[in-house]
């Protein structure tokens, strides 16, 4: 066996339809496009969402909602996560850097501390925002909150 006698498997290839090559081919005349209309013309391309002249779905449905351009998106971190991190790494001060290194947030994300869970040791916590319950819980445990 060599490269000169390699062939594709039987039935793997087929000749392409030769369209528009005279009436004897059986595919001449209209070249399988039917008679008249936009689809029979050269250069035809259907618009995205076109439904044959019926009112398209994106125009039948009503508009609603809006995007608030002033929205500030925070990555939420709970007190129980702070407690677990402080116990695992034996920390007394948890800042943005420690939270990012622990994988809680990426470099560009703003961090907000929420009050789910309990805190049982005094921690100095640094974040972009705090919920009222989280701030009270941290200060009640003898810690400090520092907004950055």
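The values are calculated or read from the model by the stated rules, or taken from the named source; none is laboratory data. This one's a predicted model, so the numbers in the text were calculated from it and none came from an experiment. Neighbour counts are summed over all protein chains in view; Cβ atoms, including those assigned to glycine, are modelled from backbone coordinates with ideal geometry.
Here are a few things to note about the model shown:
- Qualifying residue in region 131-139 (condition: in contact with a strand residue (DSSP E or B) (Cβ under 6 Å, 6 or more places away or on another chain), more than 30 Å from residue 17 (Cα to Cα) and touching a residue at least 40 places away in the same chain (Cβ under 8 Å)): yes
- On inspection, residue 1 passes the criterion of being exposed (fewer than 10 other Cβ atoms within 10 Å of the Cβ) and at pLDDT below 90.
- Counting only residues that are at positive phi and over 30 Å from the mean Cα position of the chain (by Cα), region 29-62 holds 9 of them.
- Residue match in region 11-26 (condition: surrounded by 10 or more Cβ atoms within 10 Å (Cβ to Cβ), without any contact (Cβ under 8 Å) to a residue 24 or more places away in the chain, part of a loop (DSSP other than H, G, I, E, B) and under 30 Å from the mean Cα position of the chain (by Cα)): no
- Residue check, residue 3 within 36 Å of the chain's Cα centre (by Cα) and without any contact (Cβ under 8 Å) to a residue 60 or more places away in the chain: no
- Checking each residue in region 96-124 for being in contact (Cβ under 8 Å) with a residue 40 or more places away in the chain and either out of contact with any strand residue (DSSP E or B) (no Cβ under 8 Å at 6 or more places or on another chain) or farther than 18 Å from residue 140 by Cβ (or both) picks out 96, 119.
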